[in-house]
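Below is one structure, written out as structure tokens, with a few remarks after it.
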Amino acid sequence: MSFRIATTVDEAVAALAEGCRPVAGGSDLVVGARHGKAALPEHLVAIDRLDDLKCVEVTDAGVCIGS
């Protein structure tokens, strides 16, 4: 298993392009694995520290909730 911590959105996008699964904490993955719902992904990238994704915005198009 590999685990990366993205420091920019571009790093996160590059990791996703390489097959990483994004996590913003990951507790849902652990609970799912313990209950046999799904195995843990091989490659993870943390996105919870990205300032660009720390938002709650309401616009005419909808609501944006960050990581």
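The values are calculated or read from the model by the stated rules, or taken from the named source; none is laboratory data. Predicted model only: the values in this text are computed from it and were never measured. When we count neighbours, we look across all protein chains shown, and the Cβ atoms used for this are built from the backbone with ideal geometry, even at glycine. Keep in mind that these areas ignore ligands, DNA and RNA; they rest on the heavy atoms of the full protein, side chains included. Shrake-Rupley method; radii C 1.70, N 1.55, O 1.52, S 1.80 Å.
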Q) What does a probe at residue 39 reach in the stretch 1-23, counting residues whose amide N is under 14 Å from the point 7 Å along Cα→Cβ? A) 1-2
Q. For the chain, what % of the accessible area comes from carbon and sulfur atoms, probe 1.4 Å?
A. 54
Q: If a/c stays under 1.5 just call it rounded; otherwise compare a/b with b/c (prolate if a/b is bigger, oblate if not). Do that for the chain, with a ≥ b ≥ c from the square roots of the Cα gyration tensor eigenvalues.
A: oblate
Q: Estimate the FRET efficiency between residue 17 and residue 48 by the formula 1/(1 + (r/R0)^6), using the beta-carbon distance for r and 22 Å for R0, to the nearest 0.05.
A: 0.70
Q: Per DSSP H run of at least 4 residues, take -39500 (n - 2.57); add these up for the chain, divide by its residues and hand me the 222 nm value, nearest 500 deg cm²/dmol.
A: -7000 deg cm²/dmol
Q. Which order do peptides 32-43, 10-21, 55-66 fall in by mean Cβ count within 10 Å, highest first?
A. 10-21, 32-43, 55-66
